[in-house]
Every structure is written in C-alpha cells, then in structure tokens.
1. Tally time: how many residues in the range 38-64 are free of Cβ contacts under 8 Å to residues at least 24 places away in the same chain and closer than 17 Å to Leu10 by Cβ?
2. Looking only at the range 73-95, filter to residues that are farther than 22 Å from Val147 by Cβ and charged (D, E, K, R); which one of those is modelled with the highest pLDDT?
3. Give the range 105-133 a look and list any residue that's outside any strand (DSSP E or B) and touching a Lys or Arg at 6+ places or on another chain (Cβ under 7 Å), or say none.
4. Counting just the residues of the range 7-44 that are part of a loop (DSSP other than H, G, I, E, B) and buried (at least 16 other Cβ atoms within 10 Å of the Cβ), which one comes out modelled with the lowest pLDDT?
5. Considering only the range 95-104, state which residues are under 18 Å from Tyr43 (Cβ atoms) and assigned to a loop (DSSP other than H, G, I, E, B).
6. So Asp129 ticks every box in (1) surrounded by 14 or more Cβ atoms within 10 Å (Cβ to Cβ); (2) on the phi > 0 side of the Ramachandran plot but one. Which box is left unticked?
7. Which of (1) under 13 Å from the mean Cα position of the chain (by Cα); (2) within 20 Å of Val147 (Cα to Cα); (3) of a type in the set (S, T, N, Q) is the odd one out, the single condition Ser17 does not satisfy?
8. Consider only pairs whose beta carbons are under 9 Å apart and that are at least six residues apart or on different chains; among these, list those whose first residue lies in the range 70-82 and is free of Cβ contacts under 8 Å to residues at least 60 places away in the same chain and whose second residue is part of a strand (DSSP E or B).
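The values are calculated or read from the model by the stated rules, or taken from the named source; none is laboratory data. Being a predicted model, the structure only gives us computed values, none of them experimental. Every residue, glycine among them, receives a Cβ derived from its backbone with ideal geometry; neighbour counts consider all protein chains shown.
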Amino acid sequence: MKPDDTDELLVSPDVRSVLEERGIRDGDISTTITFAESGRKYYTQPVTGHRLAYFTPSKVTFWVEYLPEESGEYRIFNAYSHRMRLLHGFNMPSKKANTETGWLCSACDLTLELATVKLAYLDETFAVDLPACPTCQRVLVNEEQAVTKMALAERMLEDK
C-alpha cells in the first residue's frame, strides 16, 4: 500500500461516520498502515487477527485498527488520534497490577505489559500507566484513553 492509496481501504458506513466526526482522513489511515506494515510496527489481537498501529507524521498521532484482507485491501474497524507525544525509551515497571490487554507486539511477539510511560503535551510531561512491549517499549494507547482522558488533559492544558 502506498501512503496515498486510499482505494485499498474497506470502511463501513458506521466507521466512516466516526472517522468524519474525528476528522480522520483516508490518507491518514493509509499512511499509518503503510508505516506499520513496512516493519511489523503494529500490535496483533490473537483472537480476532486485528492489527492496531500508530503513526505520528507531525503533531498528531493516528491510531488505526485494521485487518489485511486476502484481496490486498485493508478492512478498517476503528481510528482515533491524540496530540500527546509518546516519549519512547523511558518506560519503567508499573506499580499497578498487570492487566491483560489482549494485544501482542508483532515485532517482538510478546504480550504487552503495564508500564509507567512518559507523555508530553505543550510544556508538560506526565507519567502514566499504559500497556507497552517489555522489549522494544512501544506503547499502546487505546481508544478510550485517547478520545476521553488524553483529549480532556489536552483541553485543560490549552486552557491554562
């Protein structure tokens, strides 16, 4: 898939509506998938086979949940975004009990574990517990965290 090849995306009307509400374009989705597929930079849900990938082309991080089809197309199940920066390489073990996320790091073939990771927005840095790969330290931000908790924190910081 080329970053500008949106013909290979299979999007249901319900998902299309969510994407439009969130301001996520097909180009954002195809660029994210291209980046993810270029080096197994995605998470895999073993039960469904779904993949979850993220890409940060500028100040926004796009997350896409998708499934490659045999036809070469990609079925899109969800997409969301946030503006917090993930500060990679600073993960520490979480003091909270580990919870099962259901996602595997495809690059390392390991189950994600809860880790204390650093996020940054504007001039603020936060330590939060999020699922991450214990080896490569790639972090997973789920939809709820991105569209509720992170969005609220972004708005609060902008209003300061």
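1. So the answer is 3.
2. Glu73
3. We begin by selecting, within the range 105-133, every residue outside any strand (DSSP E or B); these are 106-109, 112, 122-123, 133.
The answer is Ser106, Ala107.
4. Filtering the range 7-44 for residues part of a loop (DSSP other than H, G, I, E, B) gives 7-8, 12, 23-25, 38-41.
Checking which are buried (at least 16 other Cβ atoms within 10 Å of the Cβ) leaves us with 8, 24, 41.
Working: Glu8: 90, Ile24: 96, Lys41: 94.
Looking at the filtered set, the residue picked out is Glu8.
5. Residues of the range 95-104 that are under 18 Å from Tyr43 (Cβ atoms), as a first pass: 98-104.
Residues satisfying the conditions are Asn98, Thr99, Glu100, Thr101, Gly102, Trp103.
6. (2)
7. (1)
8. Taking only residues 6 or more apart or on different chains, the pairs are Ser71/Leu10.
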